[in-house]
């Protein structure tokens, strides 16, 4: 009898999986909806808008030698008008989605779609990030310039390196292939390079970032010409960001300089300087926020800039749920027509003309899980 028991135990040991299961899986997300009104300077409309509502799945598996395999699939869902022709944001994996390897001592390497280091460097300094008064209405290209969304970007076909935390300092680098469908030697191949260094220690946060986008021939993949841009043109950006927290008060600032190289002469026709200043005060379960964003004149052309003021109040009902009120006014100079764009909200403005001042307010609720 004992021999049979031993034989069964040995057989069970050899039939068991060869590797221990060190994997984990998480479902996460955020639902953020608001009701309000926006004006393009001429016409006011009531809005029910989604403020970057998202759903994500992520996991990891522990490997040998201190490595872990990591993955993530994240999707933005504009639930105020899902399915109503919104094919871009309601397509699976349109946000950070990747597969990679992570080492606590060497860092992380990812393949897929991911925010560029240039974007990561200062996104946490926007006190209205992913909501109506988001500073991307003017920063990183905005909606009046021909710089598109490639400066504050989340490109596909990307190779990303994220360093480990080294006494508060982190570095990041990425390359995005922009010409996967190029077929002839005459075609210009687009690409994106991005670098950032970030220091986060105690009450201080600081960041510096650089990005270079080269535009390729149409129909060759990513980074194809838009507006005044043609194949072979390039955009370069660098920025500095800093934040300081003192008890209940937080102060953030960002400076960004964009330059362009256009045509065979390489003339900088799209360059401009932007800056952002914001403060946030917390008292109990409440926060008051005030922000000012300024887009400079395009390459020194008079009256092509704009500024925006954002004012907000948040009340936290719990760690996961809050209600808020936000107001924003965007003041265009006589030669500019910036508007509220769709980078963070579906409450976008259309029909903005030079010199008008779009405004809007939102009353919303946010829940994270």
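The values are calculated or read from the model by the stated rules, or taken from the named source; none is laboratory data. The structure presented is a predicted model; accordingly, all values stated were derived computationally and were not measured. Cβ sites come from the backbone with ideal geometry, for glycine too, and all protein chains shown count toward neighbours.
Going residue by residue through segment 76-95, is there one that turns out to be at pLDDT below 95, out of contact with any helix residue (DSSP H, G or I) (no Cβ under 9 Å at 6 or more places or on another chain) and in a strand (DSSP E or B)?
Within segment 76-95 (the criterion being at pLDDT below 95, out of contact with any helix residue (DSSP H, G or I) (no Cβ under 9 Å at 6 or more places or on another chain) and in a strand (DSSP E or B)), the answer is yes, since at least one residue qualifies.
Which condition from (1) closer than 27 Å to residue 296 by Cα; (2) surrounded by 20 or more Cβ atoms within 10 Å (Cβ to Cβ); (3) free of Cβ contacts under 8 Å to residues at least 40 places away in the same chain is the one that residue 217 breaks?
Looking at each condition in turn, residue 217 falls short on (1).
Any idea which of (1) surrounded by fewer than 21 Cβ atoms within 10 Å (Cβ to Cβ); (2) part of a loop (DSSP other than H, G, I, E, B); (3) out of contact with any helix residue (DSSP H, G or I) (no Cβ under 6 Å at 6 or more places or on another chain) is the one residue 287 doesn't satisfy?
The failed condition is (2).
For segment 304-332, which positions are at pLDDT 95 or above and part of a loop (DSSP other than H, G, I, E, B)?
Passing the criteria: 317, 318, 319, 320.
Quick check: is even one residue across segment 328-340 farther than 28 Å from residue 33 by Cβ and in contact with a helix residue (DSSP H, G or I) (Cβ under 7 Å, 6 or more places away or on another chain)?
Scanning segment 328-340, I find no residue that is farther than 28 Å from residue 33 by Cβ and in contact with a helix residue (DSSP H, G or I) (Cβ under 7 Å, 6 or more places away or on another chain), so the answer is no.
Would you be able to say whether some residue in segment 290-307 is without any contact (Cβ under 8 Å) to a residue 12 or more places away in the chain, farther than 19 Å from residue 256 by Cα and surrounded by fewer than 21 Cβ atoms within 10 Å (Cβ to Cβ)?
no
Which of (1) outside any loop (DSSP other than H, G, I, E, B); (2) surrounded by 15 or more Cβ atoms within 10 Å (Cβ to Cβ) does residue 115 not meet, given it meets every other one?
All conditions are met except number (1).
Would you confirm whether any residue within segment 257-279 is over 29 Å from residue 213 (Cα atoms), in contact (Cβ under 8 Å) with a residue 12 or more places away in the chain, touching a strand residue (DSSP E or B) at 6+ places or on another chain (Cβ under 8 Å) and surrounded by fewer than 16 Cβ atoms within 10 Å (Cβ to Cβ)?
Step one: filter segment 257-279 for residues over 29 Å from residue 213 (Cα atoms), giving 279.
Now narrow it down to the ones that are in contact (Cβ under 8 Å) with a residue 12 or more places away in the chain: 279.
Filter again for touching a strand residue (DSSP E or B) at 6+ places or on another chain (Cβ under 8 Å), leaving 279.
Those still in the list that are surrounded by fewer than 16 Cβ atoms within 10 Å (Cβ to Cβ) too: 279.
Checked against the condition, which is being over 29 Å from residue 213 (Cα atoms), in contact (Cβ under 8 Å) with a residue 12 or more places away in the chain, touching a strand residue (DSSP E or B) at 6+ places or on another chain (Cβ under 8 Å) and surrounded by fewer than 16 Cβ atoms within 10 Å (Cβ to Cβ), segment 257-279 yields at least one hit.
Give segment 90-105 a look and list any residue that's surrounded by fewer than 15 Cβ atoms within 10 Å (Cβ to Cβ), without any contact (Cβ under 8 Å) to a residue 40 or more places away in the chain and out of contact with any strand residue (DSSP E or B) (no Cβ under 7 Å at 6 or more places or on another chain), or say none. Before you say what the answer is, go through the steps one by one.
Looking only at segment 90-105, we keep the residues that are surrounded by fewer than 15 Cβ atoms within 10 Å (Cβ to Cβ), and these are 91-92, 99, 103-105.
If we keep only those that are without any contact (Cβ under 8 Å) to a residue 40 or more places away in the chain as well, we get 91-92, 99.
Selection gives 91 alone.
If I ask for residues that are under 17 Å from residue 42 (Cβ atoms) and over 23 Å from the mean Cα position of the chain (by Cα), which ones from segment 305-336 would you list?
Of everything in segment 305-336, those that are under 17 Å from residue 42 (Cβ atoms) and over 23 Å from the mean Cα position of the chain (by Cα) turn out to be 331, 332, 334, 336.
Restricting attention to segment 348-358, does a residue exist that is surrounded by fewer than 18 Cβ atoms within 10 Å (Cβ to Cβ) and either under 21 Å from the mean Cα position of the chain (by Cα) or over 30 Å from residue 258 (Cα atoms) (or both)? Before you say what the answer is, go through the steps one by one.
We begin by selecting, within segment 348-358, every residue surrounded by fewer than 18 Cβ atoms within 10 Å (Cβ to Cβ); these are 350-351, 353-355, 357.
Cutting the leftovers down to either under 21 Å from the mean Cα position of the chain (by Cα) or over 30 Å from residue 258 (Cα atoms) (or both) gives us none.
Checked segment 348-358: no residue is surrounded by fewer than 18 Cβ atoms within 10 Å (Cβ to Cβ) and either under 21 Å from the mean Cα position of the chain (by Cα) or over 30 Å from residue 258 (Cα atoms) (or both).
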